[in-house]
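Asker: Take a look at the following structure, please.
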Amino acid sequence: MTSYPDLGLFIGGEWKKADGQPVLNPADDTILGTVPHATRADLDAALDAAETGFRIWSRTSPSKRAEIISKAAGLMRERIEELAVAMTLEQGKPIAQSRAEILRACEIIEWDAQEGRRVYGRIIPSEPGMRHSVLRQPIGVVAAFSPWNFPTSSPSRKVGGALSAGCSIILKASEETPAGAVQLVKAFADAGLPPGVLNLVFGKPAEISEYLIPQPAVRLVTFTGSVPVGKHLTALAGAHMKPAIMELGGHSPVIVCDDVDPLASGVSSALAKSRNAGQVCVSPTRFFVEEAIYDRFSEAMAAKAASLKIGNGLDAANDMGPLANERRLAAMETLVADAREKGARVLAGGNRIGNRGNFYPLTVLADVPDDARAMREEPFGPLALLSRVKNIDEAIEKANSVAYGLAGYAFTNSARKADRLAESVDVGNLSINHFVASSAETPFGGVKDSGFGREGGIEGLQGYTVVKNVSHLTA
């Protein structure tokens, strides 16, 4: 089996060791390695390197940038087994899902690389002798913060977009799942990326963000994570007049109309909810099912949930791995206990598995009351909340009743209902009759407390640029 990789900081094109904290395997609590913590001197070096890297990279032709970025993605494809095993070791997800995440990261990077060749400006018609031209230019040094649940694809969103637009970047990746970012950066270094264009640091998150964001060299902040932290970083960026891209938490509604097959939709819902053990910002969580099919949908979803095999993610026979850390275990136990106390019925799961490793089954709760904590707080785990609704109007009202607005899902065979849902569900991403919330070529992001700005698509790439208008009097 491929071993867990050596971990290091990457600053100015060089790897550096440092003291830090242990990285734990969530399946058995063993120590995989030590993630180094950056010192203040390391952060200053990263800032200097990023400024130098930006001067080089922003003047590199888009075609040459695309060549290097695409080569990095190609190296990741070649190393997929090595990358996937490390991801499963540190994060816990099944090995098939780790492979899928690596491939998704490659698709994102490759799409951004080619789209970076098409960051067009425009000419605005004017009177003779006057020329108005609009330029899109890379914004500068980017400070990027990525989470633990998708160790490779989340930083790939930020790295791919920033580099393809011509920016340099300082990536602060998760200390709990650092190998994904280390291997991502190594692929770019091996592909020939100039020193300083991509830098990687780890450490105490609050200390790093509060030092990097105010620095004059940093021109943009991008963060994926929780709402409270996102609000804090947004305020910090705003205090220094820095734009920000915030992809924050979600509490995704699923509206199931009575014109669909309740058995098929129930099974697909259970499978979608089990992905990454529910530790996904767009994980389907609040299921609002029209009463005519509620019982059959509930039974089908619960049966599928109960059939899922849970264990070490390196065993290809397992459908779900452990939760990534003990915090998620505690959250599941607290939210399920509260829902039960308020009258929810447990149809599947509901209790921790064993006492070693962070294993918790896909838990399906029926008839969950609106005042249950889980209906208002993002569970970020394998918890599905089922509620009976009379009609689509009630479903939409309940779907929009929380402060989150990242992703939503709906199942209907009615064109009229689909149109109504598209217009009325208050989210940044709505998927109808499937559970794919985003792809490389589509914009992804939230509304309300789920953030602002977009990753992916041309909108995501443009977020790393500034617009300059040039007026030239020629006569």
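The values are calculated or read from the model by the stated rules, or taken from the named source; none is laboratory data. Every value quoted in this text rests on a predicted model; they were computed, and no experiment measured them. Note: ideal-geometry Cβ built from the backbone for every residue, glycine included; neighbour counts use all protein chains shown.
Asker: Output the residues belonging to the range 270-297 that are surrounded by 18 or more Cβ atoms within 10 Å (Cβ to Cβ) and farther than 23 Å from F359 by Cα.
Answerer: Pass one, the range 270-297, residues surrounded by 18 or more Cβ atoms within 10 Å (Cβ to Cβ): 270, 272-290, 293-294, 297.
Those that are surrounded by 18 or more Cβ atoms within 10 Å (Cβ to Cβ) and farther than 23 Å from F359 by Cα: F287, F288, V289, E290, I293, Y294, F297.
Asker: Condition check: of a type in the set (A, V, I, L, M, F, W, C) and in the same structural domain as E455 (by TED's automatic domain parsing). Does A270 satisfy that?
Answerer: no
Asker: Can we say E290 is farther than 30 Å from E210 by Cβ, in contact (Cβ under 8 Å) with a residue 12 or more places away in the chain and of a type in the set (D, E, K, R)?
Answerer: yes
Asker: Moving on to the next point. Taking the condition of being out of contact with any Gly (no Cβ under 8 Å at 6 or more places or on another chain) and either of a type outside the set (G, A, S) or buried (at least 17 other Cβ atoms within 10 Å of the Cβ) (or both), how many residues in the range 52-61 meet it? Before you say what the answer is, go through the steps one by one.
Answerer: From the range 52-61, those out of contact with any Gly (no Cβ under 8 Å at 6 or more places or on another chain) are 55, 59, 61; that's our starting set.
Restricting the remaining residues to those that are either of a type outside the set (G, A, S) or buried (at least 17 other Cβ atoms within 10 Å of the Cβ) (or both) gives 55, 59.
Qualifying residue count, the range 52-61: 2.
Asker: Somewhere in the range 460-467, is a residue more than 22 Å from the chain's Cα centre (by Cα) and either under 29 Å from T363 (Cβ atoms) or at pLDDT 95 or above (or both)?
Answerer: Within the range 460-467, one or more residues are more than 22 Å from the chain's Cα centre (by Cα) and either under 29 Å from T363 (Cβ atoms) or at pLDDT 95 or above (or both).
Asker: Still on this model: Could you say which residue among P62, P36 is under 20 Å from N149 (Cα atoms) and touching a residue at least 12 places away in the same chain (Cβ under 8 Å)?
Answerer: P36
Asker: Now, a different point. Output the number of residues of the range 406-438 satisfying the condition of being small (G, A, S) and touching a residue at least 60 places away in the same chain (Cβ under 8 Å).
Answerer: Total meeting the criteria: 6.
Asker: OK, next. Quick one: is A399 among the aliphatic types (A, V, I, L, M), buried (at least 24 other Cβ atoms within 10 Å of the Cβ) and touching a residue at least 40 places away in the same chain (Cβ under 8 Å)?
Answerer: yes
Asker: Quick one: how many residues across the range 339-355 are within 28 Å of the chain's Cα centre (by Cα) and either over 22 Å from G266 (Cα atoms) or outside any loop (DSSP other than H, G, I, E, B) (or both)?
Answerer: 4
Asker: Considering only the range 232-243, I want to know if a residue exists there that is closer than 30 Å to I139 by Cβ, surrounded by 24 or more Cβ atoms within 10 Å (Cβ to Cβ) and touching an Asp or Glu at 6+ places or on another chain (Cβ under 8 Å).
Answerer: no
Asker: While we're looking at this one, here's another question. Give me the residue from the range 278-309 that is hydrophobic (A, V, I, L, M, F, W, C) and more than 24 Å from A437 (Cβ to Cβ) and, out of that set, nearest to the chain's Cα centre (by Cα).
Answerer: Checking each candidate, the answer is A306.
Asker: If you take the residues in the range 121-172 that are among the β-branched types (V, I, T) and over 30 Å from P5 (Cα atoms), which one is surrounded by the most Cβ atoms within 10 Å (Cβ to Cβ)?
Answerer: Among those that are among the β-branched types (V, I, T) and over 30 Å from P5 (Cα atoms), it is I139.
Asker: Write out, first by first residue and then by second, each pair whose Cβ atoms fall under 7 Å of each other, whose residues are 6+ apart or on separate chains, and whose first residue, in the range 356-373, is among the aromatic types (F, W, Y) while the second is in a loop (DSSP other than H, G, I, E, B).
Answerer: F359/P322; F359/R352; F359/I353; Y360/L323; Y360/R352; Y360/I353; Y360/G381; Y360/P382
Asker: Do we have any residue at all in the range 28-38 that's in a helix (DSSP H, G or I) and either outside the structural domain of A187 (by TED's automatic domain parsing) or buried (at least 17 other Cβ atoms within 10 Å of the Cβ) (or both)?
Answerer: No, the range 28-38 has no match at all.
Asker: Could I ask something else about it? When you check T234 against the structure, is it in the same structural domain as D29 (by TED's automatic domain parsing), among the β-branched types (V, I, T) and outside any loop (DSSP other than H, G, I, E, B), yes or no?
Answerer: yes
Asker: Are there strands (runs of 3 or more DSSP E) fully within the range 98-215 with at least 2 residues that are over 28 Å from T34 (Cβ atoms), over 20 Å from the mean Cα position of the chain (by Cα) and in the same structural domain as A72 (by TED's automatic domain parsing)? List them.
Answerer: In the range 98-215, 122-124, 130-138 are the strands (runs of 3 or more DSSP E) which contain 2 or more residues that are over 28 Å from T34 (Cβ atoms), over 20 Å from the mean Cα position of the chain (by Cα) and in the same structural domain as A72 (by TED's automatic domain parsing).
Asker: Okay, moving on. So the check is Cβ under 8 Å with 6+ separation or different chains; which pairs have a first residue in the range 253-267 that's in the same structural domain as S424 (by TED's automatic domain parsing) and free of Cβ contacts under 8 Å to residues at least 60 places away in the same chain and a second one that's buried (at least 20 other Cβ atoms within 10 Å of the Cβ) and assigned to a loop (DSSP other than H, G, I, E, B)?
Answerer: Within 8 Å, the pairs are D258/I293; P262/I293.
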